[in-house]
1. If you check every pair at least six apart or on different chains, which have Cβ atoms under 7 Å apart with a residue in the stretch 28-39 that is of a type in the set (Ser, Thr, Tyr) first and a residue that is more than 8 Å from the ligand (Cβ to nearest atom) second?
2. Go through (1) over 29 Å from LYS176 (Cβ atoms); (2) within 16 Å of the ligand (Cβ to nearest atom); (3) free of Cβ contacts under 8 Å to residues at least 40 places away in the same chain and name the single condition ARG88 misses.
3. Any residue in the stretch 247-263 that is in contact with a helix residue (DSSP H, G or I) (Cβ under 7 Å, 6 or more places away or on another chain) and within 13 Å of the ligand (Cβ to nearest atom)?
4. Taking interchain pairs and intrachain pairs at least six residues apart, which have beta carbon atoms under 6 angstrom, with the first residue in the stretch 118-147 and free of Cβ contacts under 8 Å to residues at least 24 places away in the same chain and the second of a type in the set (Gly, Ala, Ser)?
5. Filter the stretch 260-294 down to the residues that are out of contact with any Ser or Thr (no Cβ under 6 Å at 6 or more places or on another chain), within 17 Å of ARG36 (Cα to Cα) and hydrophobic (A, V, I, L, M, F, W, C) and list them by number.
6. I'm trying to understand the selection: among the residues of the stretch 343-363, which are over 16 Å from GLY99 (Cβ atoms) and among the small types (Gly, Ala, Ser)?
7. Just one of THR150, THR119 is farther than 30 Å from VAL350 by Cβ, among the polar types (S, T, N, Q), more than 16 Å from the ligand (Cβ to nearest atom) and not in a helix (DSSP H, G or I); which is it?
8. In the stretch 310-359, how many are over 19 Å from PHE202 (Cβ atoms) and in contact with a helix residue (DSSP H, G or I) (Cβ under 8 Å, 6 or more places away or on another chain)?
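The values are calculated or read from the model by the stated rules, or taken from the named source; none is laboratory data. Given the structure is predicted, the values throughout are model-derived calculations rather than measurements. Neighbour counts run over all protein chains shown; Cβ positions are idealised from the backbone, glycine included.
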Amino acid sequence: ESVPDGAAAKRGAFSSRGVFIFAAIGSAVGLGNIWRFPYVAYENGGGAFVIPYIVALLTAGIPFLFLDYAMGHRFRGSAPLSFARLRRGTEGLGWWQVGICFMIAIYYAAVMAWAVRYTIFSVTKAWGDDPEGFFFGDFLKAGDPGVSTTPVWGVLIPLLLVWVAIVAVLLLGVQKGVGASSAIFIPILVVAFGILVVRSLFLPGAAEGLDALFTPNWGALTDPTVWAAAYGQIFFSLSIGFGIMITYSSYVHKHTDMPGSGLVVGFANSGFELLAGIGVFAALGFMAQANGVAVGDVATSGIGLAFVAFPAIISEAPAGALIGVLFFFSLVIAGFTSMVSIVEVVISAVRDKFEMTRTRATIAVTIPMALVSLVFFSTTSGIYVLDIVDHFINQFGILLVAVISMLVLSWGLRVLPTFSDHLSDGSSIVVGAWWRILVSIVAPIGLVLVLGLSFWEDVK
Ligand code: PHE
């Protein structure tokens, strides 16, 4: 049964479709776009990666995004509540997503705190001429006397600040906090990152970087792990299967064009991903040329890209400090709006379950999260936790829950026809049989293959 608007009013709502779209883009555009996509594309066929990527986007990503929207918009609850309203006994699927969000938030906060610190480090190039030794041997060992020159507060204060900022936004609520912060930050991000990309394109060696990224390796198309990478990237990047989109769409007024919004969000996210690929590889091309090596020797992703390769680029490039500030500032902003969305999933679930006010739920949820992240990341072991959590979540957490919920919704509960009607209502896009076939057959088959493969890669 769907729930009347009145009951939802107390939970908070986005003031317009535009604000919802900004919030959804804010969640989607995050660390994954900037530090994950460029390398995944490069490693998996370069220019040829476009094909599996678009196939995964159109046959699984967008259809699943619509499914998440339908759940939240129709049942008007957090992930567990929406599942519970759909059918008793499926609430657990929602709590699984809440658990994943809880874990991601803990490490996302740490990475953002590092980016805050590195925004400042960029000005003086505090890492000297050994960025790698500085990051792993000094910065991450902060507070360890005799080993590190960084005092422990050098890491803890930024982490605390990140949490305070997140809590402040979440306390402000759905529209004034979540919605407004994304509507402000996303345009700022696009401008800051746009300047960074243009600057990078003028560095010597940029063309070689782009060549390395875009030269297609058509042979990759027959490699199943390349397809697996495309599906994994799409799901992580669109923030689907985490309960985020269920939660956010529960705050959208009835009779809103949800499919139209989904297409905007999907293409905006991929557009930003492409932009990041260009910026990052232009900068890597510069670094390769400056050191007389091939782009392949310097290309990397994640922590190595942000905290080792970029500092080296910043040290060597003309006007490097500007590049550094723009790069790390972009990471902070992009990460912030994503992190707000993950924590909101947990808050919303706790509020719905225990009928708490936003303020109480926010405090009850964020204090333990912040404490765990402060404890883990004031010690070096944090980085190993990060690796394990990241791998586990990407490979199994999300894709598995995605397949299970697609199968349960389409074959177990047979709700897709009602969902298609709900989605099509008020939209110029007819979410008809094509969507039901994608969600019930095409996407699950794709995902099961991908899951099987990555499992095989792990045990092999
Ligand atoms: N979509 C975000 C990104 O691309 C990552 C993210 C995943 C954020 C899950 C929140 C939850 O970085």
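1. If the second residue must be more than 8 Å from the ligand (Cβ to nearest atom), the pairs left are TYR39/ALA299; TYR39/THR300; TYR39/SER301; TYR39/LEU305.
2. Against the list (1) over 29 Å from LYS176 (Cβ atoms); (2) within 16 Å of the ligand (Cβ to nearest atom); (3) free of Cβ contacts under 8 Å to residues at least 40 places away in the same chain, ARG88 comes up short only on (2).
3. The answer is yes, given that some residue of the stretch 247-263 is in contact with a helix residue (DSSP H, G or I) (Cβ under 7 Å, 6 or more places away or on another chain) and within 13 Å of the ligand (Cβ to nearest atom).
4. Matching pairs, first to second residue: ASP138/SER148.
5. ALA268, PHE272, LEU274, LEU275, ALA276, ILE278, VAL280, PHE281, LEU284
6. ALA361 - this is the single residue of the stretch 343-363 that is over 16 Å from GLY99 (Cβ atoms) and among the small types (Gly, Ala, Ser).
7. Details: THR119 fails: not in a helix (DSSP H, G or I).
It is THR150.
8. Residues flagged as over 19 Å from PHE202 (Cβ atoms) and in contact with a helix residue (DSSP H, G or I) (Cβ under 8 Å, 6 or more places away or on another chain) within the stretch 310-359 amount to 31.
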